[in-house]
Amino acid sequence: MNEIDMYGGNAQINPSATQAIQNNYFGTPVPLHETASARTVVVLGAGVDAAIGFSAPCSLVPKITEWLKTEEGKAVDAALRKRLKGLRFSYARFVDNAIERLAHDLDRERETICGNISRELEQNDCLDEGQRKMGQLIVRLFHKITEVKAGAAIDEETEALIREVTGIDPTEETIIDFSHVSYTKTFEGIIKYILQTSLHDTENPILRHVYTNLLDIGQLLAQHFYGFFANKQSEIKTYLYIAWTLWAYLVHEEQTLAAQNENGPAFPVYGQLCGKAQIQVITFNYTTLAASASPTAIYFNGNLTGYVDIENKNDLQVEDLHALDLARFFQDRLAGELSLEGDRIALPIPSFMPPLKLKPVITGKYVTTWYRTAEALTHAKRILVLGHSLRGGDAFFNDMLRANRLADILVIARDMEAACKDICATLQQPANRYTPITIQGHPARKYDNRITVIGADLKEIDLREWLG
């Protein structure tokens, strides 16, 4: 009887079995040769830019609202409203509505806010007395609500007694319907005061936890982006206004920072990335700093120098952002390119990608961008995640990150507890399976012999040992 040789007559080990093989995000088998797998990928998030003076994402709405009151902001606002006839959106109204909404319905955000502020009180030794007391007040008030709700819950013993005595089978979990319970004027007044104060004190380490989810401009963009699919004019106008005012404010911030640092200081992180040709930078920030530090940087969700006419499929560029006259750009250039009525329709939008679960391809460049990202992450031997929150972040990117099950992953974040939860949830690792260690004098945790989380500010860490 003849034996069937599955290897074409050669009884041998598959040569590729000696190499690490995995599929990249697009499903293509990729052998990780040593020359490819030696690469280091550095992922940059909003925390990197915030560390050098840019606004954190959660404070962008109040910052833009304030900037629109300046002469430059007023000129940009007027130019946009002139082209977007009938626009009803305003940041001031959005903020007021958000405050009213949260003051009346705290349940959705209460536990998150309370947990974040409690952790800030425990870990931040730099809080002044006023900040600490504000944090204690918020936690105490929110705990009161939790205690009331917990006290009204029907426990198993009470449920059994109800059945035994009355024969009634309880169908509710509590003895009070909290959907019909109203907060008192005093409590609503306190909450509104806290919220309004947080909007005017965006650098407050306690209050930033209050408005983080309340005023998320990424979610605001995503909310109105669907107007392009439904061809709903009011939503399209609102998206154009929000996207372009965000773009203008970020350009204003970069111009201000550039003027303050004409000699080009070595910014934290960016200064350490300069000249490192052997690394691949992937950034979620829109500023030009990543490209200045690393010319091959991949802008995963777009940048300030590009915008696209999604109606006519044209990619457009803005040259020399630092010398750009914002008012003139909107009054002259964009006014001539934007058209929502008549024979010619043109819809130029900044090349920002809203945080949508399903990625729309607003320009063909994104196909190349995402493929390059997937390839870089697949071939990486080491991945550094700096200033980027994986929780609630870009699910598309997280899928790519998860596809590489061999690379060493290093996360640096001031809030180590939150960062550990994020990375474990993203990589599907048990959060309680770690070894506590110390790196460069800072507390750290090691998971699965390849995932390390360091609890430190970015400016406190020397990245050279991982960038070499």
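Across segment 302-414, Cα pairs under 8 Å and at least six residues apart give a relative contact order of 24 percent. Here, segment 213-294 has an Rg and a Dmax of 17.1, 48 Å when only alpha carbons are counted. Full extension of the segment from residue 188 to residue 346, taken as 0.36 nm per residue of separation minus the current Cα-Cα distance, would add 52.4 nm.
What the Cβ-Cβ distance of residue 96 and residue 174 gives, at R0 = 30 Å and to the nearest 0.05, is a FRET efficiency of 0.40. Average 1/r across all pairs of distinct alpha carbons in segment 374-468, invert it, and you get the Kirkwood radius: 13.5 Å. Taking 16 Å as the straight-line reach from the Cα of residue 237, the aspartates and glutamates in range (excluding those fewer than 8 positions away in the same chain) are 77, 309, 311, 337, 341. The aspartates and glutamates whose alpha-carbon is closer than 16 Å to the alpha-carbon of residue 359, local same-chain residues fewer than 8 away aside, are 394, 399. The charge dipole of segment 322-468, taken about its Cα centre with unit charges on the Cβ atoms of Lys, Arg (+1), Asp and Glu (-1) only, comes to about 560 debye.
Readers should treat all values here as calculations from the given coordinates under stated rules, not as data from a laboratory. Keep in mind that what you see is a predicted model, and the values were worked out from it rather than measured. With ideal geometry, Cβ positions are generated from the backbone for all residues, glycine too; neighbour counts draw on all protein chains shown.
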